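**Student:** Mind having a look at this structure? Questions to follow.
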Amino acid sequence: MYTFLSLKMFSWLLNAGNLWKASCLGTSQNASISSFGPENIAVDTYSYRINGTNGTNPSMYFRETRVLDAFDDDYGGVIVNPERLPSNPNIFASILRSSLFQWKIKEKKGVWLKLPLDKSDLVPVAVKEGFQYHHAERGYVMMTYWIPGGPCMLPANASHQVGVGGFVINDNNEVLVVQEKYSAPALAGLWKLPTGFIHESEEIFTGAVREVKEETGVRTSSVTYVLCGYITYQIVLLFFSMIFIASSLFLLHAHNVAFEKSDLFFICMLKPLSTQIMADDLEIQAAKWMPLVEFVEQPLIHGDCMFKMIIDICIARMGKRYCGLSVHKVVSKFDDRLSTLYYNIVNVQDFCQGR
């Protein structure tokens with residue numbers, strides 16, 4: 001005679017660990033979508049049998065084993081649908097346990113659980129079941145669970161943030177500089193380049209042009225070519241230079257910056273398309289065109305060999321004595337996405353003279 005267990009008893013058995021000792025002989029793949037209680041929750045329901053070996057022992061069937069609405073990723077794992085999660089923590093705990101049980105039977109690997117801000121009450125439940133924090137944004141926290149034994153093979157959270165700055169110099173050899181309203185005491189009074197962070201899916205040179213416009217109101221040209229670079233792996237600086245129509249870009253690589261993350265910072269040499277300054281009152285204390293010599297002679301810049309090298313490269317580019325990598329838009333068959341590829345030009349001498 002078959003025994004049918006309620007979801008409450010099923011959850012109790014899971015907590016007691018009895019189901020882990022059971023040998024699963026069959027699983028019905030005729031899953032159906034159903035709702036759980038009064039909430040609009042999408043779950044799969046399964047029927048499966050355990051302990052039915054030879055007909056002499058009683059067999060037990062479980063009906064309506066609830067599994068969270070999820071889809072498979074490309075690496076043998078599952079991604080839970082964040083839009084169809086229960087809001088009740090007790091209901092979520094029960095369905096999450098049965099979901100993990102089912103995914104283990106199916107030999108799934110990683111589980112990605114995205115909990116929106118309005119479902120933050122579910123975070124302690126997920127932690128209790130063994131989920132770990134992966135990353136967070138303004139509107140959600142992403143949590144993960146590694147099912148197989150051994151070390152977790154899920155990719156870690158992003159290790160870098162990307163910033164940009166604009167080195168804008170006009171025909172009078174004046175550099176566009178700003179003083180920030182909020183800065184470290186050691187940088188008080190420093191006239192610096194306009195800087196900021198690039199947006200998601202934004203090109204580096206586009207971000208540099210945008211930041212200059214936002215902080216100073218000055219419009220600049222876009223980037224088209226890259227120069228050379230070198231690396232220093234300390235808490236401060238790695239530079240990589242690029243050039244555009246009449247511009248160049250440097251890359252600063254700093255470690256242990258914000259929240260122990262690394263920082264990639266690109267400085268683009270841009271040509272101004274306008275001269276009128278309208279400083280951003282929220283971030284900028286003042287902005288102006290400063291003679292290049294005066295900018296370089298500032299104590300904090302004059303005493304820094306890295307900044308001196310930046311200025312030397314920019315001046316060399318202005319004199320067409322410095323060239324490097326060209327920028328190309330390409331699509332790879334690996335992901336069918338448009339990317340920016342930087343590589344060496346063939347004839348540096350001809351290129352520099354032609355520019």
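**Student:** When Ala316 is evaluated against the numbered criteria (1) touching a helix residue (DSSP H, G or I) at 6+ places or on another chain (Cβ under 7 Å); (2) surrounded by 15 or more Cβ atoms within 10 Å (Cβ to Cβ); (3) not in a strand (DSSP E or B), which criterion, by number, is the only one it fails?
**Tutor:** (1)
**Student:** Among the residues of the range 194-204 satisfying the criterion of being more than 24 Å from Leu292 (Cβ to Cβ) and of a type outside the set (A, V, I, L, M), which is most open to solvent (accessible area, probe 1.4 Å)?
**Tutor:** Glu200
**Student:** Taking the range 98-133 as the region of interest, how many residues are open to solvent by 10 Å² or more (accessible area, probe 1.4 Å), touching a Ser or Thr at 6+ places or on another chain (Cβ under 7 Å) and assigned to a helix (DSSP H, G or I)?
**Tutor:** Residues flagged as open to solvent by 10 Å² or more (accessible area, probe 1.4 Å), touching a Ser or Thr at 6+ places or on another chain (Cβ under 7 Å) and assigned to a helix (DSSP H, G or I) within the range 98-133 amount to 2.
**Student:** Kindly establish whether Lys181 is open to solvent by 40 Å² or more (accessible area, probe 1.4 Å), among the basic types (Lys, Arg) and touching a residue at least 40 places away in the same chain (Cβ under 8 Å).
**Tutor:** Judged against the criteria, Lys181 is a match.
**Student:** Something else now. Can you say whether Asp281 is exposed (fewer than 10 other Cβ atoms within 10 Å of the Cβ) and either modelled with pLDDT of 70 or more or assigned to a helix (DSSP H, G or I) (or both), as far as the supplied structure shows?
**Tutor:** On the way: exposed (fewer than 10 other Cβ atoms within 10 Å of the Cβ): yes; either modelled with pLDDT of 70 or more or assigned to a helix (DSSP H, G or I) (or both): yes.
So Asp281 fits the description; yes.
**Student:** Keeping to the range 289-307, report how many residues are within 17 Å of Leu176 (Cα to Cα) and not aliphatic (A, V, I, L, M).
**Tutor:** The number of residues fulfilling the criteria is 7.
**Student:** Could you count how many residues in the range 137-159 are out of contact with any Phe, Trp or Tyr (no Cβ under 8 Å at 6 or more places or on another chain) and either part of a helix (DSSP H, G or I) or loosely packed, with under 13 Cβ neighbours inside 10 Å (or both)?
**Tutor:** Residues in the range 137-159 being out of contact with any Phe, Trp or Tyr (no Cβ under 8 Å at 6 or more places or on another chain) and either part of a helix (DSSP H, G or I) or loosely packed, with under 13 Cβ neighbours inside 10 Å (or both): 11 in total.
**Student:** Can I ask one more? Restricting attention to the range 184-193, which residues are in contact (Cβ under 8 Å) with a residue 60 or more places away in the chain and open to solvent by less than 70 Å² (accessible area, probe 1.4 Å)?
**Tutor:** Leu190, Trp191, Leu193
**Student:** All but one of (1) out of contact with any helix residue (DSSP H, G or I) (no Cβ under 6 Å at 6 or more places or on another chain); (2) part of a helix (DSSP H, G or I); (3) exposed (fewer than 13 other Cβ atoms within 10 Å of the Cβ) hold for Ile95, so report the exception by its number.
**Tutor:** (3)
**Student:** Which condition number in (1) modelled with pLDDT of 95 or more; (2) open to solvent by 70 Å² or more (accessible area, probe 1.4 Å); (3) closer than 30 Å to Ser159 by Cβ is the one that Asn90 fails?
**Tutor:** Among (1) modelled with pLDDT of 95 or more; (2) open to solvent by 70 Å² or more (accessible area, probe 1.4 Å); (3) closer than 30 Å to Ser159 by Cβ, Asn90 violates only (3).
**Student:** Just to be sure before I move on: is Ile267 in a helix (DSSP H, G or I), open to solvent by less than 30 Å² (accessible area, probe 1.4 Å) and modelled with pLDDT of 60 or more in the structure I sent?
**Tutor:** No; evaluated as a whole, the condition is false for this residue.
The values are calculated or read from the model by the stated rules, or taken from the named source; none is laboratory data. On a predicted model such as this, the values are computed, not experimentally measured, just so you know. Cβ coordinates were reconstructed from backbone atoms using ideal geometry, including for glycine residues, and neighbour counts include every protein chain displayed. Please note that ligands, DNA and RNA were not included when accessible areas were found on the heavy atoms of the full protein model with its side chains. Shrake-Rupley method; radii C 1.70, N 1.55, O 1.52, S 1.80 Å.
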